[in-house]
Structures are given as structure tokens and as C-alpha cells.
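The values are calculated or read from the model by the stated rules, or taken from the named source; none is laboratory data. Every value quoted in this text rests on a predicted model; they were computed, and no experiment measured them. Glycine gets a Cβ as well: all are built from the backbone with ideal geometry, and neighbour counts include every protein chain shown.
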Amino acid sequence: MIKQRANGSVGGGGATVAAMELDLTVDPVELTAVLVDVPSVSGAEGALADAVARALAAQAPHLQLLRSGNTVLARTDRGCAQRVLLAGHLDTVPIAGNLPSRRDGDLLYGCGTSDMKSGDAMILHLAATVAEPACDLTVVLYDCEEVEAARNGLGRIEREHPDWLAAQLAILAEPTSGLVEAGCQGTLRVTVRTAGRRAHSARSWLGDNAIHAAGDVLVRLSGYRPRSVAIDGCTYREGLQAVGISGGVAGNIVPDACEVQINFRFAPDRSLADAQEHVREVLDGFELEFTDGACGALPGLNAPATQQFLATIGLAPVAKYGWTDVSRFAALGIPALNFGPGDPNLAHTRDEHVRTDQITACTELLRRYLTGS
């Protein structure tokens, strides 16, 4: 619940929020609505991070706190044999006329409801109400997940405060519709360029059309047969897709240049170098520029901490389609899972919403694990 507002009302995407106080002990569904109503587009998470830090300081005295930019970290130090890290990002994509939040029966609508303020509410509620967890607990609520990797708050914590990321298991509260999604796919972006010779379109035989030359690129992509790879019982499906094309000078000119943007989503058994080599093989003979890429994460389901979590909550894991920050934890040698309320297919949409029963169910399952009950 918001106990105080100043400098205008919360919500709508343009109001200034000051001296806002959160009650982390309220029902996580209500807490989700409150978090959603505080705009926190990537790079502008300050008001929400301030409120989260104040609330944890006031309502979770059992936690040590650290603030790094717009990332808020908290942890217990009880000397337990195992430490579990719960992570969620505070930022959202730009608001699309979907604030403030609204309730329609069992659905809660608004920017960030699914991705991932319902997961944040779950984490914050448990951090405040489970004072003596069965394992040591670290909470990381970070900024700038929805933008370029260089700005990601987890990356900054890894560089500046690596000890805060030490754990035997990391649980990222990304939207999974209440399922446990193990690991994640890797992602690779590449630009393919074709060249030609410019000419007047009335005398096209004097030129060489670069857009036509890109046709073979599209043929190879449309005929591509992606792998399905089973790892630890989870099946990852790959995909190599054209996601953009550009070319042309004017309506009467044969174009001499064309670019095709391609995205490769690959199973976590491939390294980034392996993925690049595979794309080179598929598009042999064309000029390629790799513009971005990130490794996937193996499921890590054989780790004792992962097996204990799955046994406690009683859910069978499935593969994660898409890239998430579990990859960062996997690179650190920490088994990591995605688990949270919200449908990932609704993320970033105008109609974004979350089922309130998923918020309740995920929170109670995670409480069962943290308390060892």
C-alpha cells in the first residue's frame, strides 16, 4: 500500500513521486498494483528504487542493505550452509497508455504487471515476511534490464560488488506463467549485406540489383531446418529468422546495397563462437557482420540446490525460450532458474496483464521453499 504521495499522483507515466512509502507485508497482489503504478521505464527507476530501499530498511531489519545506482540489494547473514539469491528487475519498457493499473476480475492490467513487477512484489513480500529463512537469502532488485546489456544493473553489481552475487542457487522472477523454466537460449544478431551496381530503372540491364541479390539469403533462411535439443529433460528449439530488411534509393533507381537483419536463437549447448560459426556455414558466401550476442544458460538441473528446490515446490521444469539474466548467473557457475507469475507472451504489450492467482500461488510455493516447510 502507498502510505503517502507527494508532488502529484502516482501513475500515468508523467507524475513525480516523492516520499512514497510501501507496505511490503500486504497481499502481493495489492503490492503488485502499487509497484506498477510507479512508472519506472529503464533509466528512470529512481523513485521506485528509493521506495523499495526505504521499505526494506524499515520493514526487514533482519536484512543487510546495499544501494548501487538504482539497484537495491539485501541479504541475511545467518551462517547457513546454503544461500539462495532472488532477483528481479525494477524497470519496464516504455509506457504504452497502460498506466495506472486496473483490476478486471482475476486479472491485473498495466505496464510491467507481467514483466516483472508481479515477480518483484513476490520477492519483496517474502523478504519482509520471512525473517528466518531456512537458508541465507540474497535479494537483488536491479535496473536497466530492458535496454542494452552494458547498462544492466546486474552487470554493474558483478563488476563492483561480486560478493553479493555468491549463491548456491539463483531464482530469477521472470514471467513463466508459474512454471519453472530452466536455463535459457542464447541469442545472436547478424547483418548480411549484398552489393550491386546502381542504374536508372528504365535501363535496369545496366545495373545489378542488390535487393534481388538478397533473395538467396531469404531462400536459405526459409529453408532452414532448426534443431530441437534435449538437455536434462528440457527441449530447446532453435530458430534462425530474418527480422528486418532495408535497401533502395528511389523509385527509379536500381539499388546497389541491401541489408538483411537476422536473429539466431540457439540452444545452450552451443557457445557464442559455435553459434557464429553455424551462421557462417548457413550463409556461406555472404558478407556478415555480427552486431550482438549473448550465451545461453544450461539448465543446471543436476545441482543439489536445484533438485531441492524442484522437489520442494513439486513442479517439473521446462526449457526457457528466450534469453534472460539466468545466463549471467550460469556464467558465474551458479545454477539458475526462471520462476515467476505472469505470461511472458504478454510482456511489452499494451494489453499486458497478470493473473492474480498466479501471484498468490508463486508466492506461496516460494515461501514453502524458503521456510523449509
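Values for this structure:
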| read-out | value |
| --- | --- |
| Verdict on Leu137 being of a type in the set (A, V, I, L, M, F, W, C) and under 11 Å from Thr32 (Cα atoms) | no |
| Criterion: closer than 25 Å to Thr25 by Cβ, assigned to a strand (DSSP E or B) and touching a helix residue (DSSP H, G or I) at 6+ places or on another chain (Cβ under 6 Å) - qualifying residue of Val139, Val192 | Val139 |
| Test: Val217 is assigned to a helix (DSSP H, G or I) and buried (at least 17 other Cβ atoms within 10 Å of the Cβ) | yes |
| All positions within segment 35-50 that are part of a helix (DSSP H, G or I) and surrounded by fewer than 22 Cβ atoms within 10 Å (Cβ to Cβ) | Gly46, Ala47, Asp50 |
| Tally, over segment 128-172, of residues that are of a type in the set (S, T, N, Q) and surrounded by fewer than 21 Cβ atoms within 10 Å (Cβ to Cβ) | 2 |
| Test: residue in segment 215-223 that is under 30 Å from Ala316 (Cα atoms), small (Gly, Ala, Ser) and at pLDDT 95 or above | no |
| Number of the exception - Phe309 against (1) over 25 Å from Val29 (Cβ atoms); (2) outside any loop (DSSP other than H, G, I, E, B); (3) among the aromatic types (Phe, Trp, Tyr) | (1) |
| Checklist (1) touching a residue at least 60 places away in the same chain (Cβ under 8 Å); (2) under 21 Å from the mean Cα position of the chain (by Cα); (3) more than 21 Å from Ala33 (Cβ to Cβ) applied to Ala150, failing item | (1) |
| Subset of segment 102-129 [more than 21 Å from the chain's Cα centre (by Cα) and either within 13 Å of Glu146 (Cβ to Cβ) or part of a loop (DSSP other than H, G, I, E, B) (or both)] | Gly105, Asp106 |
| Residue within segment 241-262 that is assigned to a helix (DSSP H, G or I) and farther than 21 Å from Cys184 by Cβ present | no |
| Filtered residue count, segment 52-83, keeping only those that are assigned to a loop (DSSP other than H, G, I, E, B) and either among the polar types (S, T, N, Q) or not assigned by TED's automatic domain parsing to the domain that holds His161 (or both) | 3 |
| Residue list for segment 249-294, restricted to those being over 22 Å from Asn209 (Cα atoms), out of contact with any strand residue (DSSP E or B) (no Cβ under 9 Å at 6 or more places or on another chain) and either outside the structural domain of Thr194 (by TED's automatic domain parsing) or acidic (Asp, Glu) (or both) | Glu277, Glu281 |
| Residues of segment 271-303 satisfying the condition of being free of Cβ contacts under 8 Å to residues at least 24 places away in the same chain and either surrounded by 16 or more Cβ atoms within 10 Å (Cβ to Cβ) or not aliphatic (A, V, I, L, M) (or both) | Asp274, Glu277, His278, Arg280, Glu281, Asp284, Gly285 |
| Condition check for Leu86: out of contact with any Phe, Trp or Tyr (no Cβ under 8 Å at 6 or more places or on another chain), under 14 Å from Leu63 (Cα atoms) and either in the same structural domain as Thr363 (by TED's automatic domain parsing) or surrounded by 15 or more Cβ atoms within 10 Å (Cβ to Cβ) (or both) | yes |
| Restricting segment 173-212 to residues that are among the aliphatic types (A, V, I, L, M) and over 30 Å from Leu85 (Cβ atoms), the residue that is surrounded by the fewest Cβ atoms within 10 Å (Cβ to Cβ) | Ala202 |
| Search result, residues across segment 153-185 that are under 12 Å from the mean Cα position of the chain (by Cα) and charged (D, E, K, R) | Glu174 |
